[in-house]
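I have placed the structure first, in the form of structure tokens, so that the comments after it can refer back to it.
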Amino acid sequence: MLFFGINHAARIQNVFDEIYHDLRIGRSGLHGRNIFGVHSHPQMGRLDYWPRELGGRFADGVYNSEYLDENQTLGVSFNLDEPEIRFSLVIDFLETDERISMGYIYALDSRTLTRRPISVFESHARITDEDAILYFLERHSLTMEELAELHHWFLFDLFLADWFDGEQVQSRFSPDNLGRFTFEDARAE
């Protein structure tokens, strides 16, 4: 049992490793806190697990809508075959059938958190033309700076703040010390 504790602690180098392994241990019935349970993390709805037959083993969950603005959806997806966590925020403009999507991917193998580019959709078609994106933002009175702030807010100021404030979390990390990982910004490509 001592070996398990040392081996497990060595794998956890940052808060994202901690979140992923907390889910894995909680699922296996070992002494994990399984923070995504309703009792310990009320902001998160239950996780849905998808079997390997559907193309891999995944666990997906979304924040309960009462913790977000009316038109926002915050989702977390765990890929249990290729160890990664995806965090995403979608803002729907229901009156126009448009939406903005932004997110991060954390890859456990490389310990890399990648900020994905912001995507804009009109009637389910992705807009890639820069002028069309700027026009979309102008119509909705948004700026790229505001979206960048929102991109940072949903992961660091909302999700991780809730993780550290969770009733049953005894994290080795804190908002001031997220641990060791590499940050990449795919927006700059």
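The values are calculated or read from the model by the stated rules, or taken from the named source; none is laboratory data. Treat the numbers as computed from the prediction; the structure is a model and nothing was measured. With ideal geometry, Cβ positions are generated from the backbone for all residues, glycine too; neighbour counts draw on all protein chains shown.
May I ask you to verify whether residue 73 is at pLDDT 85 or above, in a loop (DSSP other than H, G, I, E, B) and of a type outside the set (A, V, I, L, M, F, W, C)? No: the conditions fail for residue 73. May I ask you to verify whether residue 159 is part of a helix (DSSP H, G or I), closer than 25 Å to residue 12 by Cα and either hydroxyl-bearing (Ser, Thr, Tyr) or touching a residue at least 60 places away in the same chain (Cβ under 8 Å) (or both)? Yes: the conditions hold for residue 159. The set of residues in the stretch 78-115 being of a type in the set (Val, Ile, Thr) and closer than 19 Å to residue 144 by Cβ consists of 90, 91, 100, 114.
Checked against (1) without any contact (Cβ under 8 Å) to a residue 40 or more places away in the chain; (2) within 23 Å of residue 67 (Cα to Cα), residue 151 passes all but a single condition, namely (1). Within the stretch 94-108, is even one residue at pLDDT 85 or above, under 30 Å from residue 21 (Cα atoms) and part of a loop (DSSP other than H, G, I, E, B)? Checked the stretch 94-108: at least one residue is at pLDDT 85 or above, under 30 Å from residue 21 (Cα atoms) and part of a loop (DSSP other than H, G, I, E, B). Here is the figure for the stretch 83-133: residues that are exposed (fewer than 13 other Cβ atoms within 10 Å of the Cβ) and either in contact (Cβ under 8 Å) with a residue 60 or more places away in the chain or aliphatic (A, V, I, L, M) (or both) total 4. For the stretch 81-93, the candidate set comprises residues that are assigned to a strand (DSSP E or B), touching a Gly at 6+ places or on another chain (Cβ under 9 Å) and not aliphatic (A, V, I, L, M); within that set, the residue that is farthest from residue 154 (Cα to Cα) is 86.
For the stretch 90-113, a tally of residues being in contact with a helix residue (DSSP H, G or I) (Cβ under 8 Å, 6 or more places away or on another chain) and farther than 18 Å from residue 133 by Cα returns 5.
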